[in-house]
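The values are calculated or read from the model by the stated rules, or taken from the named source; none is laboratory data. As the structure is a prediction and not an experimental result, all values here were calculated from the model. Heads up, the Cβs are rebuilt from the backbone with ideal geometry, glycines too, and the neighbour counts pull from every protein chain shown. Protein only, heavy atoms only, side chains kept; ligands, DNA and RNA dropped before computing areas. Shrake-Rupley method; radii C 1.70, N 1.55, O 1.52, S 1.80 Å.
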Amino acid sequence: MSLAHGRPYLAIPGPSVMPDRVLQAMHRAAPNIYEGALPDMVAGMIPDLRAVARTEGQVAIYIANGHGAWEAALANTVAPGERVLVCATGRFGHGWAEMADALGLEIELLDFGRKTPIDAERVRQALAADQGRRIKAVLAVHVDTSTSLRSDIAEIRRALDEVGHPALLMADCIASLGCDVYEMDLWGADLTVTGSQKGLMVPPGLSFLFFNERAADTRRAMPRVSRYWDWAPRADPAAFYQYFGGTAPTHHLYGLRAALDMIAEEGIEAIWARHATLARAIWAAAEVWGEGGPLSLNVAEPRHRSHAVTALRIGSPHGARLREWTAAQAGVTLGLGIGMSEEGDPDGRGFFRFGHMGHVNAHMILGLLGVVEAGLGALDIPHGRGGVAAAAEVIAGA
Ligand SMILES: *Cc1c(COP(=O)(O)O)cnc(C)c1O
């Protein structure tokens with residue numbers, strides 16, 4: 001018997017759950033892209049976007065996924081042959097490094113593995129060793145979605161300042177923005193990259209590059225920037241189409257407008273608090289399950305765990321079987337492990353992930369955990385009893 005019929009729940013770390021309000025805003029006839037409501041609406045979205053990233057800086061919007069914004073960040077600030085320091089805490093850090101490599105940049109990689117966040121002291125040492133000041137930018141992933149590790153961006157700024165190093169600090173907040181606390185200006189990031197389909201609750205296809213005056217100066221000093229990725233006309237457009245380098249992503253923009261309204265109505269601090277509590281509920285359940293079986297949270301220290309995504313290890317073949325069971329029997333799709341290969345499990349099938357970013361509330365998380373607990377039972381995977389009860393206690397105490 002399948003109990004999957006009903007509203008499906010895609011609990012993967014992006015694309016995230018799309019609010020009906022966002023989908024309904026997108027359901028309309030094609031609008032005029034030259035004048036009228038759409039151009040007026042986009043100009044009004046810029047301050048709302050800046051408020052989510054907590055910056056007074058500028059923002060460029062791309063019709064691209066996060067990979068596009070990764071490339072845009074580099075294309076505007078680092079020339080081929082110049083060096084970047086990449087701090088990797090999982091697959092996405094390595095992915096950004098590969099992107100930089102393909103652009104002809106020189107990579108210095110600090111690999112922190114899959115269990116620990118970026119160590120600012122090692123960053124400081126690497127910067128101090130760069131006597132010739134060849135490093136043009138430090139690339140840091142705030143939340144690496146593969147490992148669910150969250151790193152401290154402000155500490156990396158302190159490392160740069162201590163050494164007096166002029167490199168730009170770039171933060172990948174594709175998974176974290178609108179979920180985990182993030183303060184671009186206060187923490188001293190020069191550049192922030194994000195996408196539409198995670199905490200911003202809009203379908204994939206838009207990405208955003210926030211940048212401050214230092215980054216803008218770097219852009220101005222570049223010998224050449226690829227026309228499409230150039231942020232200058234996008235951030236300060238003389239004509240509406242320059243925001244997008246061509247035709248506007250009409251329907252995504254209506255969806256984004258609705259999402260930004262929802263974010264403003266709830267308030268970014270309240271959104272951060274909601275994600276923090278729901279994450280604690282997930283951890284509470286996972287810790288109980290882990291007491292009687294093979295399941296464990298990938299990140300041991302709570303303060304290093306993201307509030308947007310949680311990676312868990314349960315061993316192969318349990319991980320793959322559990323994901324199949326929850327989808328087929330309960331209508332819940334769990335994220336698979338990526339970049340988590342290990343001995344005896346080259347595809348990382350022993351890992352799975354919960355996406356809990358954006359449009360998620362207590363009943364969804366309790367439902368998700370209830371389904372996983374049922375799956376552990378149905379598949380005879382040993383686990384400690386009472387995980388859902390532990391999560392309910394966190395919710396009750398909130
Ligand atoms: C999702 C994600 C990306 C990649 O974004 P795409 O839209 O899939 O290109 C990059 N970095 C992080 C941290 C992510 O979570």
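One Cα centroid belongs to the range 67-129, the other to the range 224-293; the line between them spans 22 Å.
Backbone phi angles across the range 390-398, fed through the Karplus curve with coefficients 6.51, -1.76 and 1.60 (θ = phi - 60°), yield HN-Hα couplings of 5, 5, 4, 5, 5, 5, 4, x, 6 Hz in residue order; Gly and Pro are listed as x. Here Arg257 sits with roughly 50 square angstrom of accessible surface, probe radius 1.4 Å. Taking label positions 7 Å along the Cα-Cβ direction at both Leu109 and Ile46, the computed distance is 3.9 nm, reported to one decimal. Dipole check for the chain: with +1 at the C-beta of Lys and Arg, -1 at the C-beta of Asp and Glu, and the Cα centre as origin, the magnitude is about 420 Debye.
Net charge of the neighbourhood of Ala320, taken over other residues with C-beta under 11 Å away and scored Lys/Arg +1, Asp/Glu -1, is 0.
Using a Gaussian network model on the chain with a 10 Å cutoff between Cα atoms, which of Leu85, Leu297, Leu38 fluctuates the most? Per the Cα network of the chain with a 10 Å cutoff, Leu38 tops the list.
What does the charge count near Ala216 come to, summing +1 for each Lys or Arg and -1 for each Asp or Glu among other residues with Cβ under 13 Å from its Cβ? Don't skip to the end; give the middle numbers.
On the way: positive: Arg214, Arg219, Arg220, Arg234; negative: Glu56, Asp190, Glu213, Asp217, Asp230, Asp236.
The answer is -2.
For the set Lys136, Lys115, the ranking by accessible area, highest first and with no ligand, DNA or RNA atoms included, is Lys115, Lys136 under a 1.4 Å probe. In sequence order, the range 234-247 has phi-based couplings of 6, 7, 9, x, 7, 9, 4, 5, 5, 3, 10, x, x, 4 Hz under the Karplus curve 6.51 cos²θ - 1.76 cosθ + 1.60, θ = phi - 60°, and Gly or Pro positions carry x.
With the helix formula -39500 (n - 2.57) applied to DSSP H stretches of n ≥ 4, the chain reaches a computed 222 nm mean residue ellipticity of -12500 deg cm²/dmol.
Taking a sphere under 15 Å around the Cβ of Ala137 and counting the other residues whose Cβ falls inside, with K and R at +1 and D and E at -1, yields a net charge of -2. For the range 31-265, what does the alpha-carbon gyration tensor say about shape, rounded, prolate or oblate, given a ≥ b ≥ c as the root eigenvalues, a/c under 1.5 as rounded, and a/b over b/c as prolate? Prolate. A cut-off of 5 Å between modelled amide H atoms, ignoring neighbours fewer than 5 places along the same chain, links Ala398 with no other residue. Sequentially through the range 274-281, phi angles give Karplus couplings (6.51, -1.76, 1.60; θ = phi - 60°) of 4, 4, 5, 5, 5, 5, 5, 5 Hz, Gly and Pro residues having no value and appearing as x. Less than 5 angstrom separates the built amide H of Glu106 from those of Gly81, Glu82, Arg83, Val84, all sequence-distant by 5 or more or on a different chain.
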